[in-house]
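In what follows, a single structure is set out as structure tokens and then discussed.
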Amino acid sequence: MAAGSPPEALARLLQAALALPVLALPMRAQAQAEGEAGFAGPASRGRGGMRGTEPPGGGRAPPGRGWEVRASAVVDIVSGASPRYVTNEGGAPVQSVTGASIGDRRRGGDLRVSRRAGDFTVAVSRARSDEDDYRSRAFGAEVRWEPGERVTTLTAGFGRSSDRVRSTEDPLLDERRDTEEWVVGVARVLSPVAVVQASLQSSRGRGFYDDPYKYTLTFPPGGGLPDLVPDLRPRARASLAAMLRYRHRLASLAGTLQADYRFYRDDWGVRSHTLEVGWSQDLGPDWTIRPALRYASQSAADFYSPTVPRPRPAFQSSDQRLASYGSLSPSLRVARRLDSGLTIEATAGLYRNAAGLRAGGGGTSAFETLRAWYVVAGFTQSF
């Protein structure tokens, strides 16, 4: 079979590989290192607690020849106690959490319109996200080129977001952060059953990166009054991420092997490696299940410290998301396609992070392990 005439199975493979959201919508500022590969849509801060998700909904429709429209909406709910400050009152630094439960809701949505003309596809998108204390607006543009026999696809994208940061505890706080991102990518059909994709993503942001809900409470060794220092981070952040994806279809098993690797670095000193391996198994024409295992390891930011150093530095944060640690997350996704064009899916997983899970050791000694279950459900409607 000619390389330029892949069967339907390979076409689905290529479509899945190209589903990497190259369309540039800037990522969440505090979760870039361990974050999902590709762009994560409009920013969402959260307060360090667990975030549950109400079922997101989305749809796509081709309104005319060469055109496609995609839209989605999501509601996230935050519940549970949230870490407020790190204190060494008992000797070793420990996390202190709020006594009362925190509740917060995020509403978001995005719209993407694309137009195909010959070997080129051009797309633009808009996205928004609103919380009680955070607002994000994002714009993205993408160009995709599939020359010749379409065994190679080249993609370039640009995105910009504008975020407004407030605090439910400080009515005077009203800050902004602006982020720009660029991405280039290439996907290549290796054989009738295999596809590989690589991408490079650069991000630059300026503005308010502090977490207004986090503090560091440090007691001096010889006694005396403690220092209560608010979270203070640089007002700029530049990052670079490289992504590699591989998909291999095994027709005899009616399944697809999926392997992703992502490297991330920024000028705050954070370096991370993320590896995810999954298996997408068809169960007849309508059902699909996908077990997966994801591992991530990162180094700490240069200014991360569970206590306030003396003399006090210009920047300091005890936020564990900036510490040195590793994480492990198994998950299971189940999806069903209906004749009406509706696809319903649900994903359940377990997330665990710990200093001892960092590759090569050297995790932050004061790091407190987090274990959490999560469930996400959603649907996609094709018209």
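What follows draws every value from the coordinates through simple rules; no lab data is involved. Fair warning: this is a prediction, and the values are worked out from it, not measured in the lab. Note: ideal-geometry Cβ built from the backbone for every residue, glycine included; neighbour counts use all protein chains shown.
Residues that are over 21 Å from the mean Cα position of the chain (by Cα) and exposed (fewer than 15 other Cβ atoms within 10 Å of the Cβ) were ranked within the range 106-131; the one that is nearest to residue 160 (Cα to Cα) is 122. Scanning the range 259-276 for residues that are crowded, with 17+ Cβ neighbours inside 10 Å and not in a strand (DSSP E or B) returns 268, 270. The set of residues in the range 132-142 being within 18 Å of the chain's Cα centre (by Cα) and under 16 Å from residue 69 (Cβ atoms) consists of 140 alone.
Of the residues 323, 314, 296, 355, which is of a type in the set (A, V, I, L, M), more than 18 Å from the chain's Cα centre (by Cα) and within 24 Å of residue 203 (Cβ to Cβ)?
314
Can you name the strands (runs of 3 or more DSSP E) wholly within the range 194-258 that have at least 3 residues being among the aliphatic types (A, V, I, L, M)? So that I can check it myself, show each step before the final result.
On the way: elements: 194-207, 215-218, 227-230, 236-250.
Counting at least 3 such residues, we get 194-207, 236-250.
Among the residues of the range 277-304, the one identified as crowded, with 18+ Cβ neighbours inside 10 Å and β-branched (Val, Ile, Thr) is 288. Filtered by the rule that a residue be in a loop (DSSP other than H, G, I, E, B) and either of a type in the set (Val, Ile, Thr) or in contact with a helix residue (DSSP H, G or I) (Cβ under 8 Å, 6 or more places away or on another chain) (or both), the range 324-372 gives 324, 363, 364, 365, 367, 368, 369. Assessment of the range 233-247 against the conditions (surrounded by 14 or more Cβ atoms within 10 Å (Cβ to Cβ), of a type outside the set (Phe, Trp, Tyr), more than 18 Å from the chain's Cα centre (by Cα) and farther than 30 Å from residue 169 by Cα) yields at least one matching residue. Filtering the range 330-350 to residues that are of a type in the set (Gly, Ala, Ser), surrounded by fewer than 15 Cβ atoms within 10 Å (Cβ to Cβ) and under 15 Å from residue 291 (Cα atoms) leaves only 348.
Which ones in the range 305-315 are buried (at least 19 other Cβ atoms within 10 Å of the Cβ) and of a type in the set (A, V, I, L, M)? Residue satisfying the conditions is 308 alone.
Quick grid of which residues meet (1) of a type in the set (A, V, I, L, M, F, W, C); (2) in a loop (DSSP other than H, G, I, E, B); (3) free of Cβ contacts under 8 Å to residues at least 40 places away in the same chain; (4) within 23 Å of residue 380 (Cβ to Cβ):
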{"position": "111", "(1), (2), (3), (4)": "yes, no, no, yes"}
{"position": "114", "(1), (2), (3), (4)": "no, no, no, yes"}
{"position": "126", "(1), (2), (3), (4)": "no, no, yes, yes"}
{"position": "129", "(1), (2), (3), (4)": "no, no, no, yes"}
{"position": "135", "(1), (2), (3), (4)": "no, no, yes, no"}
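Got at least one residue in the range 210-225 being of a type in the set (Lys, Arg) and surrounded by fewer than 19 Cβ atoms within 10 Å (Cβ to Cβ)? Give the derivation first.
If we filter the range 210-225 for residues that are of a type in the set (Lys, Arg), which is where we start, we get 214.
Narrowing the set further to residues that are surrounded by fewer than 19 Cβ atoms within 10 Å (Cβ to Cβ) leaves none.
No, that holds for no residue.
Pairing residues of the range 257-268 that are basic (Lys, Arg) with residues that are in a loop (DSSP other than H, G, I, E, B), at Cβ distances under 9 Å and at least 6 apart in sequence or on separate chains, gives 262/35; 262/36; 262/37; 262/38; 265/33.
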